[in-house]
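Only one structure is covered here, and it is reproduced in the block below.
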Amino acid sequence: MSHAPTTAPVHRQAPAVLVLEDGRTFRGRAYGAEGTTLGEAVFATGMTGYQETITDPSYARQLVVQTAPHIGNTGVNADDAESRRIWVAGYVIRDAARRPSNWRSEQSLDDQLREQGIVGIEGVDTRAVTRHLRERGAMRAGIFSGADAALPADRLLDQVLAQPSMAGSRLAEEVSIDEAYVVEPADHGWTGGTVATIAALDLGIKTMTPRHFAQRGVRTVVLPAAATFDDVMAARPDGVFMSNGPGDPATADAQVDLLRRVLDARVPFFGICFGNQILGRALGFGTYKLRYGHRGINQPVLDRRTGKVEITSQNHGFAVDAPLDGPVEAPAGSYGRVEVSHVCLNDDVVEGLACLDIPAFSVQYHPEAAAGPHDSAYLFDRFIDLMRSQKDRPGARPGHDSTHPGTTQEEN
């Protein structure tokens, strides 16, 4: 019995244009939804993992330029999404796959972008866009397709310039959850008793983060970005975690105040990305905006404690301003000594902080990385070791002391 060859559905491709705030334009064809979208133009260097990229909440309000030339080859599926929806404000690619080819594919990338109203552009010289952003820095931009692409160039540029800058933008609350939920170890293959319980502040958390904890026996109570100290302690946590997320850390005053109460209570703390910047601010350091940021899955980082180099996944446009020649006394509070534990080998940007007198550390990159690399997964184990050591100290059992009477998870 013969079958006619299958073909991908053909969508009309309208003209599209990418307009940068300095007036540079790049013309191509509509990809995904048609219309107008505005955001900060940034580039991501990952050769794989485009679905994980577009569903990363840290990319909220950004137009992501993929440096890899071929995008959409393996389609998309429900399992690989890093959150409940696509968060990129717009998508810029060079060569779109005509049809996905992978046994796990459930839908084409083009169709999913269209369904979720994400305006994109294809057929763009993404190498030229990337070189421009590397020379001029990340900047405001807009993608205009269909009828909008035919508007006069000065009108398009006016729209780009009218949008707010990423500096000063408070976005974590926009991408966070509305209600708390719990991720149990048993749901992800763990068959032993619960090792610990953590309270995780969702500032733009990715699916893989609580999954990594669950695979190690840790129960994660995920809380909204606006959670209070009482909300955190109601989970009776053995540790507190703050996730990645979008926006300017200088706007995260509520989360900084919350973390200072956590540190004052000597509850073990671990933060990644935005959580690293919040720890930096809580300790009294400043933050600043990088020229074009670190985005991709091939960023080299030195762990200064071990001397090992890790290839890491990163997505951040801001960084902590802390001295590299530590340890130094934390400028704020009574937190003792702190040192820069990790640095980026490309530009010496701070990639991690370690407190030496209180149980707290953080990294700027993503140890939960999907679609890889996995060099930094040991950091989850390091946090578990920190929680265990703190629980073993007399009078230092924050989740299960006289303030929160009851049995530990191991005793249940």
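Given the -39500 (n - 2.57) contribution per DSSP H run of 4+ residues, what per-residue ellipticity at 222 nm results for the chain, rounded to the nearest 500 deg cm²/dmol?
Computed mean residue ellipticity for the chain: -5500 deg cm²/dmol.
Residue 356 versus residue 125, label points 7 Å from Cα toward the beta carbon: distance in nm?
Going by the 7 Å Cα→Cβ label model, 5.2 nm.
Return the equivalent ellipsoid semi-axes of the chain as a descending list in whole Å, where each equals the square root of 5 times an eigenvalue of the C-alpha gyration tensor.
Equivalent ellipsoid of the chain: 39, 25, 18 Å, largest first.
Within the stretch 282-380, what whole-number % of the accessible surface is contributed by carbon and sulfur, with the 1.4 Å probe and all protein chains included in the calculation?
49 percent
Among 19, 70, 35, flag the residue with its Cα farthest along the positive direction of the charge dipole of the stretch 1-148, charges on Cβ as +1 for Lys/Arg and -1 for Asp/Glu.
19
With everything on Cα atoms, drop me the angle between helix 253-264 and the longest principal axis of the chain, reported from 0 to 90° to the nearest 10.
Result, in degrees: 30.
Students often get this wrong: which residues of the stretch 224-243 have the backbone nitrogen under 13 Å from the point 7 angstrom along Cα-to-C-beta of residue 84?
Taking a point 7 Å out along Cα→Cβ of residue 84, the residues of the stretch 224-243 whose backbone N falls under 13 Å are 224-225.
Within straight cross-link reach of residue 391, meaning Cα distance under 23 Å, which lysines are found once same-chain residues fewer than 8 apart are removed?
Leaving aside lysines fewer than 8 places away in the same chain, none come within reach of residue 391.
If r is the Cβ-Cβ distance from residue 381 to residue 77 and R0 is 22 Å, what FRET efficiency results, to the nearest 0.05?
0.15
Calculate what fraction, in whole %, of the accessible area of the stretch 43-157 sits on carbon and sulfur atoms when a 1.4 Å probe is rolled over the protein chains.
The value for the stretch 43-157 is 45 percent carbon and sulfur by accessible area.
Can you give the % of DSSP beta bridges in the chain that are antiparallel, to the nearest 5?
60 percent
Between the stretch 59-76 and the stretch 198-254, how many Å separate their Cα centres?
Cα centroid of the stretch 59-76 versus Cα centroid of the stretch 198-254: 27 Å apart.
With Rg and the Kirkwood Rh both taken from Cα atoms, where does Rg over Rh land for the stretch 186-339?
Result: Rg/Rh = 0.96.
Counting only protein heavy atoms and using a 1.4 Å probe, what share of the accessible area of the stretch 213-263 belongs to carbon plus sulfur, as a whole percent?
48 percent
Counting Lys and Arg as +1 and Asp and Glu as -1, each charge on the Cβ, what is the dipole of the stretch 165-313 about the Cα centre in debye, to the nearest 20?
740 debye
With point charges of +1 on the Cβ of Lys and Arg and -1 on the Cβ of Asp and Glu, referenced to the Cα centre of the chain, which listed residue (162, 150, 59) lies farthest in the positive direction of the dipole?
Looking along the dipole axis, the top candidate is 150.
Once you place label points 7 Å from the Cα toward the Cβ at residue 47 and residue 95, how far apart are they in nm?
In this crude label model, residue 47 to residue 95 measures out at 1.5 nm.
Counting heavy atoms of the protein chains only and a 1.4 Å probe, report the per residue accessible area for the chain as a whole number of Å².
Value for the chain: 42 Å² per residue.
Using the Cα centre of the stretch 195-325 as origin and beta-carbon charges of +1 (Lys, Arg) and -1 (Asp, Glu), tell me which of 320, 224, 296 is placed farthest towards the positive end of the dipole.
296
Work out, step by step, the length gained on full extension between residue 290 and residue 158: first 0.36 nm times the residue separation, then minus their alpha carbon distance; give nm to one decimal.
45.0 nm
Placing +1 at every Lys and Arg Cβ and -1 at every Asp and Glu Cβ, with all other atoms neutral, what dipole size does the stretch 215-290 have around its Cα centre, in debye to the nearest 20?
Computed about the Cα centre, the dipole is about 260 debye.
About the Cα centre of the chain, what is the dipole size in debye to 20, counting +1 per Lys and Arg Cβ and -1 per Asp and Glu Cβ, all else neutral?
Computed charge dipole of the chain: roughly 740 debye.
Just grab the label-to-label distance for residue 332 and residue 266, each label 7 Å out from Cα along the Cβ direction, in nm (one decimal).
2.2 nm
Using a Förster distance of 56 Å, how high is the FRET efficiency between residue 150 and residue 191, based on the Cβ-Cβ distance and rounded to 0.05?
It comes to 0.40.
Can you give the accessible area of residue 166, probe radius 1.4 Å, in Å² rounded to 10?
Here the accessible area works out near 20 Å².
The values are calculated or read from the model by the stated rules, or taken from the named source; none is laboratory data. The structure displayed is predicted, hence computed values, not measured ones. In this analysis, Cβ positions are derived from the backbone assuming ideal geometry, glycine residues included, and neighbour counts consider all displayed protein chains. We work out accessible area using only protein heavy atoms, side chains counted, and drop any ligands, DNA or RNA first. Shrake-Rupley method; radii C 1.70, N 1.55, O 1.52, S 1.80 Å.
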